[in-house]
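A.B. asks: Shown below is the structure under consideration.
Any read-out appearing in this document is the output of simple, stated calculations on the displayed coordinates, not a laboratory observation. Predicted model only: the values in this text are computed from it and were never measured. Here the Cβ positions follow ideal geometry from the backbone for every residue, glycine too, while neighbour counts run over all protein chains shown.
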Amino acid sequence: MFTFRYTLALLLCVLAVLVQVRAQDVPLQLTGAFEGATATDSSFNTGGSISVLGFNVVVPKNLQVTFPATFIPWKDFVADQGKFAGYEVTVDGNLVNNVPIAGMISVSQFSVQGGQGVIDKINADGTMSLQGGPKLRINDPKGVYGLPYADDPFFTSDGENPSISAFSGFPMCVPRSSSDPLCPATQRPLLTGNTRQGSFLAPDALVMAPFMAGDFIEYSGFKRGDIIYATEIVATNVQITTDPNRGDPTYIRMEDAIMGVFTADPAAEVGQVKFIGYTSFPSANIAFTAMDINVCTGEVTTTRLVGTTATIAGAARNKFDFRLKAATSPVKYTREYLVTLDNPVKVTRNSLKAGQYVAPIGEWIQPEVSTPGSPAPAHQFRDMDFLSRGLGFDGTNIWGPLSPFPQSGVTVFDPASCPPPVTAPTGTPVPTSTSTTAAPTASSTVVPDAVSFVALTWASSQGGTLTATCRSAPGRAGAPRASSMSLQYSNRDGSFQQSMTAVAGSAGDFTFSSRSVRQPSGNVRCVSDLGGSATRTL
């Protein structure tokens with residue numbers, strides 16, 4: 001009897017140990033050639049699987065794929081996967097009960113691919129020829145920096161933060177024509193020594209400056225055929241500065257946004273937090289705040305301060321280098337962080353918000369073994385709210401937590417607990433039926449102006465972000481420009497009419513930007529108080 005009890009107890013102990021060993025998460029990081037992917041179904045947030053380096057990894061529901069300047073739903077990536085055969089894929093996750101589950105997936109042609117060169121010629125088709133090298137085109141589906149190119153929207157340049165810039169972060173462009181008002185040659189004055197390369201104060205701080213022959217550029221992107229399609233360009237021998245003392249905004253160029261992830265494992269090392277970049281004014285104070293998302297509404301708040309810093313005194317490059325020591329307690333992480341300065345944000349004529357930068361984390365540093373011989377620490381996803389709670393309401397659907405979650409023992413948010421979405425929450429457009437703004441009409445004594453769209457974009461980020469810029473030009477010589485402009489559009493929530501904001505110092509430009517807006521259906525229309533109008537379809 002004693003022997004039986006002893007044996008039974010021993011077996012139970014062994015079984016308990018085996019269960020513990022099986023339950024322990026094992027870190028998974030794979031970087032290799034993309035081999036294929038599947039989607040579970042056609043739902044907006046479907047998961048599936050991805051194959052890389054011989055692993056067939058589970059892709060959870062609600063995962064979005066990271067590209068250089070955007071995040072793509074898994075179903076859309078799978079539908080277009082033929083373009084990415086052999087591309088580099090990085091998968092970060094864990095083996096949970098011996099099942100590989102992804103927490104993050106990023107795609108690039110080659111993650112360290114980049115080049116340098118001197119611009120030899122600006123071509124009429126929107127490309128730039130490099131001396132002794134290829135042609136280069138900005139991959140710009142929205143036409144923010146030049147003629148639009150929309151064949152590869154996943155690898156877009158960043159149309160909201162200047163990813164095409166001078167060394168200082170001042171936005172640059174490729175002229176759409178010989179007289180492009182959004183990319184005028186007057187922004188590149190002739191400097192001492194009969195050159196247009198060097199350091200100078202922007203003639204107009206609210207208008208982009210064109211690339212020119214002789215600019216030395218560093219770029220990253222992808223190659224297709226004989227063309228390099230750039231997602232990021234920096235002209236390092238062009239330093240365009242601004243001066244807030246004359247009312248200018250200060251631009252920001254981010255070089256690194258790195259986040260070390262906390263673990264309580266005493267045998268593991270935790271990385272630092274780093275935000276490194278440059279500004280267009282040498283004496284700037286910079287603040288970094290988390291962009292927290294209300295999962296139920298999609299509303300983004302930026303009240304949680306991470307820290308502050310200033311540009312390095314006396315540094316010719318106007319550089320800032322913010323670092324936080326490794327966390328010693330749990331930290332809530334977000335997918336993006338807002339970088340702001342101590343002078344006001346201004347909307348440029350190209351519809352950029354100068355004076356702030358929405359910085360996605362470019363590199364997550366997971367815990368690493370600090371004591372040789374210790375078990376490898378699991379990758380930590382529990383404190384990443386955008387994974388454990390979700391990305392929130394996008395104007396149509398709620399992106400909830402990853403399922404299955406790539407880490408054991410984590411309690412995730414239940415989107416079913418969200419109240420039903422309301423038609424017009426605070427901060428979103430108000431339907432025309434309750435609007436207090438009357439549609440402007442033309443008077444018989446007023447000369448209607450000529451209205452045109454400068455830019456119109458809708459992005460799925462922040463619950464759906466609609467941005468528009470329209471321009472009023474005199475209807476005839478001596479006639480006035482509009483003093484107000486409204487934006488009209490319809491979507492699933494109804495019809496809307498919104499007041500636009502005049503762009504200071506512009507030639508009749510008005511802008512509108514709002515988040516938590518469902519994608520407009522049909523035409524979007526700008527109407528001025530003089531009766532002029534313009535229509536465009538997204």
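A.B. asks: Rounded to the nearest 500 deg cm²/dmol, what is the calculated helix-only ellipticity per residue at 222 nm for the chain, with -39500 (n - 2.57) per DSSP H run of length n ≥ 4?
C.D. replies: Helix contribution divided over all residues of the chain: -2000 deg cm²/dmol.
A.B. asks: Given N residues in the chain, what is its alpha carbon radius of gyration divided by 2.2 N^0.38 Å?
C.D. replies: Computed over Cα atoms of the chain, the ratio equals 1.08.
A.B. asks: Averaged over every viewing direction, what's the projected area of the C-alpha convex hull for the range 257-380? Give it in nm², one decimal, please.
C.D. replies: 10.0
A.B. asks: May I pose another question? What fraction of the DSSP beta bridges in the chain is antiparallel, stated in percent and rounded to the nearest 5?
C.D. replies: So the antiparallel bridges in the chain amount to around 85 percent.
A.B. asks: While we're looking at this one, here's another question. Run the reach check for residue 332 against aspartates and glutamates, Cα to Cα strictly under 13 Å, same-chain hits fewer than 8 apart removed. What comes back?
C.D. replies: Residue 332 reaches 292, 383, 385.
A.B. asks: Counting Lys and Arg as +1 and Asp and Glu as -1, what is the net charge of the other residues whose Cβ lies under 15 Å from the Cβ of residue 502?
C.D. replies: +1
A.B. asks: 5 Å is the cut-off here: which amide hydrogens, built 1.01 Å from N in the peptide plane, fall below it relative to residue 48, excluding neighbours closer than 5 in sequence?
C.D. replies: For residue 48, the qualifying residues are 40, 59.
A.B. asks: Expressed in nm to one decimal, what extension gain is obtained for the pair residue 413 and residue 90 from 0.36 nm per residue of sequence separation less their Cα-Cα distance?
C.D. replies: Going from the current span to full extension adds 113.7 nm.
A.B. asks: At a 10 Å Cβ-Cβ cut-off, how would you order 389, 246, fewest neighbours first?
C.D. replies: In order of increasing Cβ crowding within 10 Å: 246, 389.
A.B. asks: Using modelled amide H (1.01 Å from N, peptide plane; none on Pro or chain starts), what sits under 5 Å from the amide H of residue 336, excluding residues fewer than 5 places away?
C.D. replies: 291
A.B. asks: Turning to a different aspect of this structure: Let me spell out the model: positive unit charges on the Cβ of Lys and Arg, negative unit charges on the Cβ of Asp and Glu, origin at the Cα centre of the range 314-397. What dipole size does that give, in debye rounded to 20?
C.D. replies: Charge dipole of the range 314-397: 320 debye, to the nearest 20.
A.B. asks: Relative contact order (percent) for the range 257-380, with alpha-carbon contacts under 8 angstrom and 6 or more residues of separation?
C.D. replies: 35
A.B. asks: Any idea which of 370, 517, 487 is furthest toward the positive side of the dipole for the chain, if Lys and Arg beta-carbons carry +1 and Asp and Glu beta-carbons -1?
C.D. replies: Selected residue: 487.
A.B. asks: Moving on. Tell me, what ³J(HN,Hα) does each residue in the range 388-399 have, in order and in whole Hz, if you take phi through Karplus 6.51 cos²θ - 1.76 cosθ + 1.60 with θ = phi - 60° and put x for Gly and Pro?
C.D. replies: 7, 10, x, 8, x, 6, 9, x, 10, 10, 9, 8
A.B. asks: Relative contact order (percent) for the range 115-241, with alpha-carbon contacts under 8 angstrom and 6 or more residues of separation?
C.D. replies: Worked out over the range 115-241, it gives 31 percent.
A.B. asks: Using the Karplus curve 6.51 cos²θ - 1.76 cosθ + 1.60 with θ = phi - 60°, work out ³J(HN,Hα) for each residue of the range 484-500 in order, rounded to whole Hz, and write x for Gly and Pro.
C.D. replies: 8, 8, 10, 10, 10, 7, 10, 8, 5, 8, x, 9, 9, 9, 10, 6, 9
A.B. asks: To continue, here is another question. Based only on Cα atoms, what mean projected area does the convex hull of the range 291-344 have, in nm²?
C.D. replies: 5.7
A.B. asks: Can you give the FRET efficiency for residue 76 and residue 224, using 1/(1 + (r/R0)^6), R0 = 22 Å, r = Cβ-Cβ distance, to the nearest 0.05?
C.D. replies: 0.70
A.B. asks: While we're looking at this one, here's another question. Aspartates and glutamates near residue 346 by alpha-carbon distance under 20 Å, same-chain residues fewer than 8 away left out - which ones?
C.D. replies: 158, 160, 204, 243, 248, 509
A.B. asks: Using only the C-alpha atoms of the range 104-204, find the volume of their convex hull and express it per residue in Å³.
C.D. replies: 144
A.B. asks: In addition: Please give the Cα centre distance for the range 197-276 versus the range 77-137, rounded to the nearest Å.
C.D. replies: Taking the Cα centre of the range 77-137 as reference, the centre of the range 197-276 is 18 Å away.
A.B. asks: Let me ask another. Taking the mean number of other Cβ atoms within 10 Å as a proxy for protection, how do you rank 374-382, 317-325 from highest to lowest?
C.D. replies: Output ranking for 374-382, 317-325: 374-382, 317-325.
A.B. asks: Of 280, 295, 316, which is farthest towards the positive pole of the range 275-331's charge dipole, taken about the Cα centre with +1 and -1 on the beta-carbons of Lys, Arg and Asp, Glu respectively?
C.D. replies: 316
A.B. asks: Could you list 398, 101, 258 in order of exposure, starting from the residue whose Cβ has the fewest other Cβ atoms within 10 Å?
C.D. replies: Fewest to most other Cβ atoms nearby, the residues stand as 258, 398, 101.
A.B. asks: Would you mind ranking 140, 120 so that the residue whose beta carbon has the fewest other beta carbons within 10 Å leads the list?
C.D. replies: Going from sparsest to densest Cβ surroundings: 120, 140.
A.B. asks: For residue 221, which sequence-distant residues (separation of 5 or more, or a different chain) have an amide H within less than 5 Å of its own amide H, given hydrogens modelled in the peptide plane?
C.D. replies: Placed amide hydrogens put 231 under 5 Å from residue 221.
A.B. asks: Right, here's the next one. Taking the Cα centre as origin and putting +1 on Lys and Arg beta-carbons and -1 on Asp and Glu beta-carbons, what dipole magnitude results for the chain, to the nearest 20 debye?
C.D. replies: 640
A.B. asks: Moving on. Quick check: pseudo-label points 7 Å beyond the Cα along Cα→Cβ at residue 319 and residue 301, how many nm apart are they?
C.D. replies: For residue 319 paired with residue 301, the spin-label model returns 3.7 nm.
A.B. asks: State the answer as a single residue: which of 50, 155, 266 lies farthest towards the positive end of the charge dipole of the chain, with beta carbon charges of +1 for Lys and Arg and -1 for Asp and Glu, about the Cα centre.
C.D. replies: Farthest towards the positive pole: 155.
A.B. asks: Take the residue pairs 142/223; 274/353; 75/353 and return only those whose Cα atoms are more than 25 Å apart.
C.D. replies: 75/353
A.B. asks: Let me ask you something else. What's the magnitude of the charge dipole for the range 24-108 around its Cα centre, counting Lys and Arg as +1 and Asp and Glu as -1 at the beta-carbon? Answer in Debye, nearest 20.
C.D. replies: 100
A.B. asks: With the contact rule set at Cα under 8 Å and sequence spacing of 6 or more, what percent relative contact order holds for the range 123-184?
C.D. replies: 24
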